[in-house]
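Trainee: Starting off with a structure, shown below.
The values are calculated or read from the model by the stated rules, or taken from the named source; none is laboratory data. Just so we're clear, the structure is a prediction, and the values are computed from it rather than from any experiment. Using ideal geometry, Cβ is built from the backbone for each residue, glycine included, and neighbour counts are taken over all protein chains shown. Areas reflect the complete protein model, heavy atoms only, side chains present, ligands, DNA and RNA absent. Shrake-Rupley method; radii C 1.70, N 1.55, O 1.52, S 1.80 Å.
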Amino acid sequence: MAHSSGRSLAASLLLIALASVLPMVLQPYGIYLLSLWAVYTIAAIGLNLTLGFAGQMSLAHAAFVGIGAYCTALLGAHGVPFPATLLAATLLAYGVGWCVGYPALRVQGHYLAFVTLAFTTLVFLVLRNEAWLTGGIAGISNIARPRLFATPTAYLRLCLAALLAVSLAVWWLLRSPWGRAFIALRENPIRAMSLGVDVRRYTLLAFAIGAALGGIAGAFYAPLVQYIEPSPFALGFSINLLMMVVIGGAGYFLGPFLGALIAVLLPEWLRFLHDVYLAFYALAVILLLLVCPTGLLGLSERLLAQRGGRPAERADA
Amino acid sequence: MTILNGCSFDVARAAITTVIGPNGAGKSTTFKAIFGLLPLRAGCVMLDGQDVTGLTPLQLIARGLCYIPQGRNIFPELSVRENIELGGVALGRAAAMRARVDEALDRFPVLRQKAHAQASTLSGGQQKLLEISRGLIGRPRLMLIDEPSIGLSPLLVQEVFATLQDLREDGMSVLMVEQNARSALEMSDRAIVLEGGRTRLVGTARDILADPRVARLFLGAEIELDDTR
């Protein structure tokens, strides 16, 4: 199940196009939420590549987003222009992600989740305690946006453009022999080896590319919120990203788009519940996963199959 | 642990060479060693006069080798087409991969019909053909195929063997391990008898089939051979 058909690409492009015309009818807060959706989606696409396509369990993605965000904020504070900070954040996250991949050569599944969880905690502690570099719990404020994209609507369009570029790149990657190798790795590493897949290299690549996308998301997150401190990049965010991927449908190209939408919108819809909103949020997520354990796209595929039609995702493999 | 010791043979071009031997003789180990999945302590593997010892599977595929392991090697959750595409991961280019997948599907119309079906819905024989077609994506000159008949009904075994013969006509060399010694030797050009990690006999398939020592090497093989004679 590669789930990277032309239709899922078309659907994702439609979502991005829709998001780019929505600002006309939205309040500033809506524009902020939409930008956040774009940023979360980029990060979730990264995790979906590592987890959904290459099958490597990772709770390290919050740390990669954090690394990207801090890299952008710190370099930006020294006057480095945004394109350069974006590149630096991407490369730094790629390099760190490659290193985080090494444990995955030895441990898999739950054990790998623990190792990557420890990494996220480690990065969080560094961000909090190394105040000379990161500003500690006070964080970094007044993060500038690129001059041409300073207004909320313009910045939203920039985030959407980034999401568009990431979507096209990942779609191309998944349909290339590289993407097939990731899927072979997820399905059965031993069989993948007999097909000439360098299991070691692709495991590391799965982490590095997933991490680089996390870094890109971080680079766009910092100027969006304009103030960062360590807590958004703690373990909770890793689990939130994991939830986006799983709810959307792990291993589906379109999954992160839907998962991130739910992660951004559901708390807003439940806002009227005030203090108990988190309990209901949890309940909603649990119910969603009980009804569709393979995610929203897994459910839609099942329903289509039941109606006798071929699964939409596979119409042109 | 040393498994192979004194194992040495040649594989003829555009011919089917079958390796037979009792369980534990080191047949599958030989294949894994050739394909770079197991380290060699001593000895070498030559391909077209070039030393390919210690190369990775990826490098060997690039040099025209392909390996189809024993048992079920498909990815059951993926579609037939996706399975074949996985044979192209070593190619590196998406366009080349897709073109060759179409070639493979042309060769096996039964797979073309089911290109979008989940691979687990194929019959056992079709699954074997799927593995062979996947191996062909790299345009191999030598195919290593380990016990293609395992778990297949006699009719399907004949189908798989016929496919291998077709590939031989196209100029591909086949090195095959078979438990199903008699029917494998009947369609082979050359044969190798392996026992205890050593090559015992090497010769034409016809000679090996007729050799009384072969019958003695395999416990119970004598009866089987006498039966059908």
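Trainee: What FRET efficiency do you get for A:Gln108 and A:Leu13 if R0 is 60 Å and r is their Cβ-Cβ distance, rounded to the nearest 0.05?
Mentor: Efficiency for this residue pair is about 0.95.
Trainee: From the Cα gyration tensor of segment A:180-293, with a ≥ b ≥ c the square roots of its eigenvalues, which class applies: rounded if a/c is under 1.5, or else prolate if a/b is larger than b/c, or else oblate?
Mentor: oblate
Trainee: If the viscosity is 0.692 mPa s and the temperature 37 °C, what translational diffusion coefficient in µm²/s does Stokes-Einstein give for chain B when Rh comes from Kirkwood over Cα pairs?
Mentor: Result for D is 180 µm²/s.
Trainee: For the pair B and A, how large is the buried accessible area, both sides, in square angstrom to the nearest 100, if the probe is 1.4 Å?
Mentor: So the total buried area for this chain pair works out to about 2200 Å².
Trainee: Okay, next question. In deg cm²/dmol, rounded to 500, what helix-only [θ] at 222 nm does chain B give when every DSSP H run of at least 4 residues adds -39500 (n - 2.57) and the total is split over its residues?
Mentor: The helix contribution divided over chain B gives -11500 deg cm²/dmol.
Trainee: Rounded to the nearest 10 Å², what accessible area does A:Tyr227 show when all protein chains are kept and the probe is 1.4 Å?
Mentor: Roughly 100 Å² of A:Tyr227 is accessible to a 1.4 Å probe.
Trainee: Dipole of chain A, Cα-centred, from +1 at each Lys and Arg C-beta and -1 at each Asp and Glu C-beta, to the nearest 20 debye? Before the final figure, lay out the partial values.
Mentor: Values: 17 positive and 9 negative charges, 125 e Å.
So the dipole magnitude of chain A works out to roughly 600 debye.
Trainee: Relative contact order for segment B:4-99: what percent, with Cα pairs under 8 Å and sequence separation of 6 or more?
Mentor: Normalised by residue count, the contact order of segment B:4-99 is 16 percent.
Trainee: Let me ask something additional. In Å, what Kirkwood hydrodynamic radius results for the protein assembly as shown from the alpha-carbon pair distances?
Mentor: Kirkwood hydrodynamic radius for the protein assembly as shown: 25.9 Å.
Trainee: Give the residue from A:Ala219, A:Leu125, A:Gly55 lying farthest towards the positive end of the charge dipole for chain A; charges sit on Cβ (+1 for Lys and Arg, -1 for Asp and Glu) and the dipole is referred to the Cα centre.
Mentor: Of the candidates, A:Gly55 comes out farthest on the positive side.
Trainee: Considering every pair of different Cα atoms, what Kirkwood radius, in Å, is found for chain A? Don't skip to the end; give the middle numbers.
Mentor: Working: mean 1/r = 0.0506 Å⁻¹.
Answer for chain A: a Kirkwood hydrodynamic radius of 19.8 Å.
Trainee: Counting pairs of alpha carbon atoms under 8 Å apart in space and at least six apart in sequence, what relative contact order in percent does chain B give?
Mentor: In percent, rounded to a whole number, it is 33.
Trainee: Calculate the length of the line joining the C-alpha centroid of segment A:67-136 to that of segment B:75-110, in whole Å.
Mentor: 38 Å
Trainee: Which ³J(HN,Hα) values in Hz, rounded to whole numbers, follow from the phi angles of segment A:276-287 under the Karplus curve 6.51 cos²θ - 1.76 cosθ + 1.60, where θ = phi - 60° and Gly and Pro get x?
Mentor: Values, residue by residue: 8, 4, 4, 4, 6, 4, 4, 4, 4, 5, 4, 4 Hz.
Trainee: Ok, one more. Charges on Cβ only, +1 for Lys and Arg, -1 for Asp and Glu, centred on the Cα centroid of segment A:2-308; of A:Met243, A:Ala181, A:Ser12, which one is farthest towards the dipole's positive end?
Mentor: The residue sitting most towards the positive pole is A:Ala181.
Trainee: How much accessible surface does B:Leu91 have with a 1.4 Å probe, in Å² rounded to 10?
Mentor: Probe radius 1.4 Å; accessible area of B:Leu91 about 60 Å².
Trainee: So, one more: Take segment B:1-102, compute every pairwise Cα distance, and split them into 10 Å bins from 0; I just need the percent in each bin.
Mentor: 12, 38, 34, 15, 1
Trainee: Using the Cα centre as the reference, give the magnitude of the dipole from point charges on the C-beta atoms of the protein assembly as shown (Lys, Arg: +1; Asp, Glu: -1; all else neutral), rounded to the nearest 20 debye.
Mentor: 700 debye
Trainee: Shifting gears a bit: Over chain A, what relative contact order in percent results from Cα pairs under 8 Å that are six or more residues apart?
Mentor: This gives 34 percent for chain A.
Trainee: Now a separate question. Using just the helices of chain A, give the 222 nm mean residue ellipticity in deg cm²/dmol: DSSP H runs with n ≥ 4 each add -39,500 (n - 2.57), and the total is spread over all residues, rounded to 500.
Mentor: -23500 deg cm²/dmol
Trainee: Extending each Cα 7 Å along its Cβ direction at B:Arg216 and A:Ile286, get the distance between those two points in nm, one decimal.
Mentor: Going from the B:Arg216 label point to the A:Ile286 one covers 7.4 nm.
Trainee: Could you tell me the extents of segment B:138-180's C-alpha atoms along the three principal axes, largest first, rounded to whole Å?
Mentor: Principal axes ranked by extent give 28, 16, 16 Å for the Cα atoms.
Trainee: Next question. Highest GNM mean-square fluctuation, chain B, Cα pairs closer than 10 Å: which of B:Ser133, B:Ser183, B:Ser173?
Mentor: With Cα springs under 10 Å in chain B, the top fluctuation among B:Ser133, B:Ser183, B:Ser173 is at B:Ser183.
Trainee: Additional query: Suppose all protein chains stay in the model; what accessible area per residue would a 1.4 Å probe give for segment A:2-308, in Å²?
Mentor: Dividing the accessible area of segment A:2-308 by its residue count gives 43 Å².
Trainee: For segment B:1-56, what value does the Rg/Rh ratio take when both radii are computed over Cα atoms and Rh is the Kirkwood radius, given to two decimals? Present the calculation step by step, with values, prior to reporting the outcome.
Mentor: Numbers: Rg = 11.6 Å, Rh = 12.4 Å.
That ratio equals 0.94.
Trainee: Using square roots of five times the C-alpha gyration tensor eigenvalues, list the equivalent-ellipsoid semi-axes of segment B:87-216 in whole Å, biggest first. Can you show the working numbers first?
Mentor: Details: eigenvalues 189, 56, 30 Å².
With the √(5λ) rule applied to segment B:87-216, the semi-axes are 31, 17, 12 Å.
Trainee: Using Cα atoms only, what is the angle between the long axis of helix B:94-107 and the major principal axis of chain B, expressed in degrees (0 to 90) to the nearest 10?
Mentor: Helix B:94-107 sits at roughly 60 degrees to that axis.
Trainee: Ranked from highest to lowest mean number of other Cβ atoms within 10 Å per residue, what is the order of the peptides B:76-86, A:195-205? Can you show the working numbers first?
Mentor: Numbers: B:76-86: 23.5, A:195-205: 21.2.
Final packing ranking: B:76-86, A:195-205.
Trainee: Would you compute the Debye intensity of segment B:54-141 from its alpha-carbon atoms alone, equal scatterers and no solvent, and pass along log10 I(q)/I(0) at q = 0.23, 0.25 Å⁻¹ to two decimals?
Mentor: -1.13, -1.29
Trainee: Have a look at A:Leu287, A:Gly196, A:Ile140 and report the one farthest towards the positive end of the charge dipole of chain A, computed about the Cα centre with Cβ charges (Lys/Arg +1, Asp/Glu -1).
Mentor: Among A:Leu287, A:Gly196, A:Ile140, the one farthest towards the positive end of the dipole of chain A is A:Gly196.
Trainee: Mind checking the dipole of segment B:147-208: about its Cα centre, +1 per Lys or Arg Cβ, -1 per Asp or Glu Cβ, Debye to the nearest 20?
Mentor: So the magnitude is around 320 debye.
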